[in-house]
1. Counting residues that are modelled with pLDDT of 90 or more, which helices (runs of 4 or more DSSP H) fully inside region 11-69 reach at least 1?
2. Looking only at region 90-143, which residues are assigned to a loop (DSSP other than H, G, I, E, B) and free of Cβ contacts under 8 Å to residues at least 40 places away in the same chain?
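The values are calculated or read from the model by the stated rules, or taken from the named source; none is laboratory data. None of these values were measured; they are calculated from a predicted model. Positions of Cβ are generated from backbone atoms using ideal geometry, with glycine treated the same way; all protein chains shown enter the neighbour counts.
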Amino acid sequence: MLFSSHALHGGWGILGWTFFIRRPIVNLENYFPVLLFILVGIGVGVAPQVLGRLLGPHRPDVQKNSPYECGFEAFEDARMKFDVRYYLVAILFILFDLETAFFFPWGVAMRDLGWAGFVTMLVFIVEFVVGFWYIWKKGALDWE
């Protein structure tokens, strides 16, 4: 006999015949959201760029092809020094931008949070104002 009953009933394990005979049926409906996510990503990200490249005008010149970084003209050395205030303003912008993002969900759910949520948000607002006042007095937002 070519195959024994032991091999047909799981004797060979994952490499045996049971792997090929008793495979579970895969339900492809579970993968539909993933496929939809990929298609929307392609439609939103790739399709407009391809259409813009095909349908839009393409007239490069010297200024369009020149390197541009943070508003400074390109020099000989790629390791030029930037003013620290540039980084400070950028970090402060990100910090206060993220902090103000907390106001929107609080405003939406304010009735559900009750007094505890209201007092917690008042403490947050006081800390926010004190921090803003501190960086303003230190001159971190002044650009010369």
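1. Hits in region 11-69: 32-41, 47-55.
2. A101, F102, A109, G139, D142
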